[in-house]
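Enquirer: Before I ask anything, here is the structure I am working with.
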Amino acid sequence: MQVRELCSCGNPAKWAEDSTFPVEYDSQTGEFNVIHGKSVKGRWRMLFCPSCGGRLPESRRSLFFTTPSDEEKQEVTRLVERIHDPARYSKSSVSPMKWQTGRRPVRFPRITMVS
């Protein structure tokens, strides 16, 4: 895979400063986004500059998350091992939901904790 050079034209930064363009710069994450939607703002992250094709700066989003320790992973594994789905073993344990307001019913499996 070819590694592209960083954006050299600077257009995404210019667009983000111009309120008439649907582009924003998130200084916290270091990301450029295309804004879409009227009542609810949606965002499409820009990875490359549409003008010059250069890469945009790497996101800092991963800095806001942590990697779980081995102890934390073992604790989650221990807790999840106690969960099972009785529907796998008995068809009578899952009851269908009734039709409501013309919408299709949704079935949710019953999940129980085993002590």
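The values are calculated or read from the model by the stated rules, or taken from the named source; none is laboratory data. Everything numeric here is computed off the predicted structure, so don't read it as measured data. Backbone-built Cβ (ideal geometry, glycine too); neighbour counts: all protein chains shown.
Enquirer: Yes or no: the stretch 52-59 includes at least one residue that is polar (S, T, N, Q) and in contact with a Gly (Cβ under 9 Å, 6 or more places away or on another chain). Explain how you work it out, then say what you get.
Expert: Narrowing the stretch 52-59 to residues polar (S, T, N, Q): 59.
Cutting the leftovers down to in contact with a Gly (Cβ under 9 Å, 6 or more places away or on another chain) gives us 59.
Looking through the stretch 52-59, at least one residue is polar (S, T, N, Q) and in contact with a Gly (Cβ under 9 Å, 6 or more places away or on another chain).
Yes/no matrix, rows are residues, columns are (1) touching a Phe, Trp or Tyr at 6+ places or on another chain (Cβ under 8 Å); (2) in a loop (DSSP other than H, G, I, E, B):
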position: GLN28; (1), (2): no, yes
position: VAL34; (1), (2): yes, no
position: LEU63; (1), (2): no, no
position: THR67; (1), (2): no, yes
position: GLN74; (1), (2): no, no
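Enquirer: Within the set of pairs 6+ apart or on separate chains, which have a first residue in the stretch 39-65 that is under 16 Å from VAL23 (Cβ atoms), a second that is of a type in the set (S, T, N, Q) and surrounded by 12 or more Cβ atoms within 10 Å (Cβ to Cβ), and C-beta atoms under 6 Å apart?
Expert: From the stretch 39-65, the pairs are ARG43/ASN33; ARG45/ASN33; SER51/ASN11; SER59/THR29.
Enquirer: Between a first residue in the stretch 10-38 that is at pLDDT 95 or above and surrounded by 15 or more Cβ atoms within 10 Å (Cβ to Cβ) and a second residue that is in a loop (DSSP other than H, G, I, E, B) and among the aliphatic types (A, V, I, L, M), which pairs have beta carbons less than 7 Å apart while being 6 or more apart in sequence or on different chains?
Expert: Every condition considered, the pairs that remain are PRO12/LEU56; PHE32/LEU56.
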